[in-house]
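Derivation of every value follows stated rules applied to the coordinates shown; laboratory data play no part. Because the structure is predicted, anything quoted here is derived from the model rather than measured. Reconstructed Cβ throughout: ideal geometry from the backbone, glycine too, with neighbour counts over all protein chains shown.
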Amino acid sequence: MSNAPLDENGREAIICVSSTDGSTIVPIKGNPTNHTLDILDDTTGSDNGNGNAELDENGRSAWIALSSAGNGKIIEVYADASTGKLLTNSN
């Protein structure tokens, strides 16, 4: 299991869970030149989550979001484990 990388002030970087299994912690990567998130757009996947934020070994929470379905459900935000890219769907 990975842990959230920390800055010199002890603040954690973004972590999500793997789209493959819904539980492996994935540190999210960013572009150092223009300070933007690395993403994979128009992605699809399966619901591998359990509705609760996964924690890294230090108890830091992976990203969660409110479902866009309007049902009030909390969902886990997925990332690609091999690239560290956040999965998005801008459609």
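Below, the figures for the structure above:
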| quantity | calculated |
| --- | --- |
| Residues satisfying the stated conditions in the stretch 44-83, i.e. charged (D, E, K, R) and more than 11 Å from the chain's Cα centre (by Cα) | Asp47, Asp56, Glu57, Arg60, Lys73 |
| Verdict on Glu76 being of a type in the set (Asp, Glu) and touching a residue at least 60 places away in the same chain (Cβ under 8 Å) | yes |
| Residues satisfying the stated conditions in the stretch 62-73, i.e. touching a strand residue (DSSP E or B) at 6+ places or on another chain (Cβ under 6 Å) and either free of Cβ contacts under 8 Å to residues at least 40 places away in the same chain or of a type in the set (Gly, Ala, Ser) (or both) | Ala62, Ile64, Ala65, Ser67 |
